[in-house]
Amino acid sequence: MASHSSSGLPPLSDHEYKLYNRMADNMQALHQWFRVRWNIIYDVAASSQRPAGMSIKSYLNMCLEFCENLETHHKIEEIRVFPYLATRMPAFANRDQLIEQHKVIHKGLERFESHVRNCLQGNADLRWNEIKGILDAFGTTLWDHLDDEVRELGAEQTRKYWSKEEMSRMPM
């Protein structure tokens, strides 16, 4: 069954679609980990209720793990992935919306990580509404970003800039 195209390009076969959509599928899988963790972190802060068996320390450590993993993910994108894609794909060029989103997210993560570390070290009191407020300050941008990256890596976009052979050799 061939995939339909909204770009005016010929339809893709199922095999071609999978090839051109591979990076989006891989990114979606990575982003799913961030979505699941964010939902746990946010739901605890919004409800002031930890899941059964989760200590405050384990919650705060989950928050730090989330921050560290998202920062690492963004560094890899900015150093390796985006520059490569930007050679042909305008959406990944410097100063693009995705990079601007990274900056907003990074600023929020820095504030969040600092607050969490202060709570862990006993230098700040844990206040659920304060954590929720920090998360609210960058959450919408984060969720938009997770969706935007996957959309920009989708088959309908990548096929405009890369050949099937290039896609099959793409390291990501």
Screening 71, 100, 113, 77 for residues that are open to solvent by less than 50 Å² (accessible area, probe 1.4 Å), at pLDDT below 95, under 23 Å from residue 137 (Cβ atoms) and out of contact with any His (no Cβ under 6 Å at 6 or more places or on another chain) leaves only 77
Quick one: count up the residues across region 78-105 that are more than 15 Å from the chain's Cα centre (by Cα) and among the charged types (D, E, K, R). 4
Scan 75, 18 and give me the residue that is among the basic types (Lys, Arg), in a helix (DSSP H, G or I) and more than 20 Å from the chain's Cα centre (by Cα). 18
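State yes or no: is residue 108 within 16 Å of the chain's Cα centre (by Cα), crowded, with 18+ Cβ neighbours inside 10 Å and part of a helix (DSSP H, G or I)?
Details: within 16 Å of the chain's Cα centre (by Cα): yes; crowded, with 18+ Cβ neighbours inside 10 Å: yes; part of a helix (DSSP H, G or I): yes.
Yes.
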Scanning region 130-142 residue by residue, the ones that are open to solvent by 30 Å² or more (accessible area, probe 1.4 Å) and in contact with a helix residue (DSSP H, G or I) (Cβ under 8 Å, 6 or more places away or on another chain) total 4
If you check residue 61 against the conditions, is it farther than 30 Å from residue 155 by Cα and either in contact with a Gly (Cβ under 9 Å, 6 or more places away or on another chain) or touching a residue at least 12 places away in the same chain (Cβ under 8 Å) (or both)? yes
For residues in region 48-68 being open to solvent by 60 Å² or more (accessible area, probe 1.4 Å) and part of a helix (DSSP H, G or I), which is nearest to residue 100 (Cα to Cα)? 68
Pairs with Cβ under 7 Å, 6+ apart, first in region 80-94 and over 12 Å from residue 158 (Cβ atoms), second of a type in the set (Gly, Ala, Ser) and part of a helix (DSSP H, G or I): 93/86; 94/86
Filter result for residue 39 (open to solvent by 50 Å² or more (accessible area, probe 1.4 Å), over 18 Å from the mean Cα position of the chain (by Cα) and over 30 Å from residue 170 (Cβ atoms)): no
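Kindly provide the set of residues from region 83-93 that are out of contact with any helix residue (DSSP H, G or I) (no Cβ under 7 Å at 6 or more places or on another chain), assigned to a loop (DSSP other than H, G, I, E, B) and of a type outside the set (Val, Ile, Thr), ordered by number.
Taking region 83-93 first, the residues out of contact with any helix residue (DSSP H, G or I) (no Cβ under 7 Å at 6 or more places or on another chain) are 83-84, 87, 90.
Cutting the leftovers down to assigned to a loop (DSSP other than H, G, I, E, B) gives us 87.
Listed by number, the list is empty, since nothing qualifies.
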How many residues are among the hydroxyl-bearing types (Ser, Thr, Tyr) and either in contact with a Pro (Cβ under 8 Å, 6 or more places away or on another chain) or surrounded by fewer than 17 Cβ atoms within 10 Å (Cβ to Cβ) (or both) if we restrict to region 10-36? 1
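The values are calculated or read from the model by the stated rules, or taken from the named source; none is laboratory data. Given the structure is predicted, the values throughout are model-derived calculations rather than measurements. Ideal geometry is used to build each Cβ from the backbone, glycine not excepted, and the neighbour counts take in all protein chains shown. Accessible surface is based on the protein model in full, side chains and every heavy atom, while ligands, DNA and RNA are left aside. Shrake-Rupley method; radii C 1.70, N 1.55, O 1.52, S 1.80 Å.
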